[in-house]
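Structure, as structure tokens:
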Amino acid sequence: MAVTQHIAGQGAQPDAAEPPLAAERERNFWKWLLSLPALLILIFAASGPLLIVVVYSILTPAEYGGVVWEISGRAWFQVFFRRDIFDPDEVTLNWSHLSVFWRSVSLAFQTTVICAILGFPTAWFISTRPPGQREIWLLLITIPFWTNLVIRTFAIQEVIRNQGVVNSLLMNLNIIHSPIQMMYTDFAILIGMAYVFLPLMVLPVFAAMDKLDVRLLEAGYDLYASRWEVLRRIVFPLVRPGFIAGSILVFIPSIGSYVTPRLLGGGRNMMLSNLIELQFGQGRNWPLGAALALALLVIVLVALVFYLRTIGGDEEKRHG
Amino acid sequence: MQHKTTTLPIAVAALLGSTALASAEGELNIYNWGNYTSPDVIERFEEETGIEVTLTDYDSNDTALAQIRQGGHGYDIVVPSNSYLPIWIDEGLVQPLDTDIVTDLDNIEEEWRDPEFDPGREYSIPWAWGTTGVIVNTSDYDGEVNTSAIFLDPPEELQGRVNVIPEMSDVMHLAVRYHGGEPCTGDTDILREVRDTLTDAREHWIAMDYGTVDGYAEGDIGAGVYWNGASMRARLQNEDIAYGYPQEGFPIWMDNAMVLSDAQNVDEAMEFINFMLQPENAGENSNFHRYASGIVGAEEYMDPEMVEAPEISIPDELADAGRFSITCPSEVNDIYTQVWTELMQ
């Protein structure tokens, strides 16, 4: 809300040097009135549930799911520590949870890197097509979104499973003699996530490239820069904002993804969402589930701030 | 608990427009597992009674329970598993059957007439029952299949080819019984063995997934923990598939139809309950969901391939090893969840 107010305030000022007070007040009134529906949705649909999650995380689990209204710090304790199952006095770090956290962060990071590597040439290809063709290519990029995620994930399963398309093809060509195990590995999760999230990288990178002034590249060549130098010193800095936006768009849903690791990873190695679901379902420990969900939120926030500080901040310095 | 393989969550199916009905005499809203209610049986019920049926799916006991607890759902009938049934009764979410309308409770097979989870069948009737056991592709391994060692101590041929369903209570039940414990035991000596066995066995598992019937039938997966009905479907595709009842102990589950306390159409619901007690309806429903119904005489209406199926009737010598799955008290459940999390970390 503070942000909205700030922006609204900024927008109101520049026109006239000293606008009549009444007119400005009226304009502000209308601005607020018009933004009211959006604000209400934000407050009730975003903050409301979040508040419930925060409150639940400090309550006591009820016998069969749900919560009892007794304040307890146990859930937050359980996020990071555990009592030994067989010796309640022995408290250690909860390595099970920490390794699940680590796997989620690491897979999300790898997905982001893969998407960046694949997304850059794709976006470059599209932005160098004649204007009429670009729209077609962009449309093609969005086609996967037309199909439900679960269906697409099952389709990937069909491609990489032992009797699937890839293995059958390789075996028929006599390149391999027994199927390569791809299903149920981290590799399968990475394929699935990179496939699902790639458009989220391509689109912002393309948007940045679209604005790129080709004359700058020509100027670079005229000044005897090699292709690599043009890429590194002209193209990369200029499309950087696209990469930053794309990385954020890919990283955040990756770290919380549920369907892909569940269907392709075989569930033997949990990701955070699977752990959270376990607590709300079979584990019957809603407060712990809520606390884990908030921990995920904090991880995303910290990663975001860190990322913008290091990479985003860098850019500001350059321009400043 | 046993249908996740084929169900997408929250698929709402408004069944069969009431073409045959000039005037609908009432409505009935059934809230059931996905892929679990025969459309033919529903159609017959609509024709016979003039009641219009709406069917809504859920995908887990927890989902159903959370949804009904919220209130304002508009459902009349729900079909929870035996392990959850006492929760529904204790919390007053369901009402006793009206014996003026539900007159054929005697059609329930004798062994299910007075179960521990609903003494005297005051609230519920059987919908389907089955077992959780092991499935083995005998072209990979032709040894003994009636043992939990298939997944807890896999023979060399099956190592790296075992899939275990991610159902904590079923898997813990099997593992605890394998070590001679009672279901939901809190005995630390047994639980320590259980944890060690599971941790070691996990190295030989390829996945902890619901798995698909095709996956087993086509040989992607060599063996696993699976449900009897699904296992039968795999065998019908590939005759090398065998279902094993672990002699160390295995869980039996039963899903039961009940009428909700805040049902809007109580009489219609009771009428449907009695309708499902009729052998021809129960039998035909079995042909659809592929599990036994617990209703006397239903076999006569079941496909022959089902009546003869070794997956559907427990062999006499192994019958004693079957035990109803129960909901563990939360202090025990917490320990099980911890073991489970270690397993999937």
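Per residue, the average separation of C-alpha pairs within less than 8 Å and at least 6 apart gives the stretch A:83-319 a relative contact order of 25 percent. So, R0 is 25 Å and r is the distance between the beta-carbons of B:E110 and B:E308; what FRET efficiency does that work out to, to 0.05? The value I calculate is 0.70.
In plain terms, the residue of A:F251, A:F280 with the fewest other Cβ atoms within 10 Å comes first and the most crowded comes last, giving A:F280, A:F251. The simple spin-label model puts a point 7 Å past each Cα toward its Cβ; for A:L301 and A:S72 those points are separated by 2.5 nm. For the stretch A:218-320, a simple Cβ point-charge model (Lys and Arg +1, Asp and Glu -1, everything else neutral) yields a dipole of about 300 debye relative to the Cα centre. Of all the options B:I241, B:I273, B:I101, the one that moves most in a Gaussian network model of chain B with Cα springs shorter than 10 angstrom is B:I101. Of the DSSP H helices in chain A, those with a Cα length along their own long axis of 24 Å or more and a mean Kyte-Doolittle hydropathy reaching 0.5 comprise A:95-127, A:186-210, A:236-255, A:286-307. Amide H contacts of B:I241: B:T138, each under 5 Å away and 5 or more positions distant or on a separate chain (H built 1.01 Å from N in the peptide plane; Pro and chain starts excluded). Neighbours of B:P329 by Cβ distance under 11 Å: Lys/Arg scored +1, Asp/Glu scored -1, total -2. Scattering from the C-alpha atoms of the stretch A:83-319 alone, worked out with Debye: what is log10 I(q)/I(0) at q = 0.09, 0.14 1/Å? Log10 of I(q)/I(0), two decimals: -0.52, -1.04. For the stretch B:145-188, dividing the convex hull volume of the Cα atoms by the residue count gives 89 Å³ per residue.
Put in order of Cβ neighbour count within 10 Å, fewest first, the listed residues B:I30, A:I58, A:I117 become A:I117, A:I58, B:I30. Legend: mean number of C-beta atoms from other chains within 10 angstrom of residue C-beta atoms, peptide B:64-74, equals 1. If only the Cβ of Lys and Arg carry +1 and only the Cβ of Asp and Glu carry -1, the dipole of the protein assembly as shown around its Cα centre is close to 5360 debye.
Using the Cα centre as the reference, give the magnitude of the dipole from point charges on the C-beta atoms of the stretch B:24-144 (Lys, Arg: +1; Asp, Glu: -1; all else neutral), rounded to the nearest 20 debye.
Values: 4 positive and 28 negative charges, 90 e Å.
Value, rounded to 20: 440 debye.
Note on A:L33 and B:E25: the model spin-label points, each 7 Å out from Cα along the C-beta direction, lie 5.7 nm apart. Relative to its Kirkwood radius, the Cα radius of gyration of chain B gives an Rg/Rh of 0.97. Seen from A:A75, the other residues with C-beta closer than 13 Å to its C-beta sum to a net charge of +1, counting Lys and Arg as +1 and Asp and Glu as -1.
Exposure proxy check: B:T197, A:T147 ranked by fewest other beta carbons within 10 Å?
A:T147, B:T197
Taking the charge dipole of the protein assembly as shown about its Cα centre, with +1 at Lys and Arg Cβ atoms and -1 at Asp and Glu Cβ atoms, the residue from B:W33, A:L59, A:V113 reaching farthest to the positive side is A:V113. The value for the stretch A:83-164 of Rg(Cα) / (2.2 N^0.38 Å) is 1.83.
Computed extension length for A:I136-A:W124: 2.8 nm, one decimal, from 0.36 nm per residue of separation with the Cα-Cα distance subtracted. Near B:T132, the amide H atoms lying under 5 Å from its own belong to B:W253; only residues 5 or more places off or on other chains count, and H is placed 1.01 Å from N.
All of the numbers you see were taken from the coordinates with simple rules; none came from a lab. Here the structure is a predicted model, which is why all the values come from computation and not from measurement. Note that we place each Cβ from the backbone using ideal geometry, even for glycine, and neighbour counts take in every protein chain shown.
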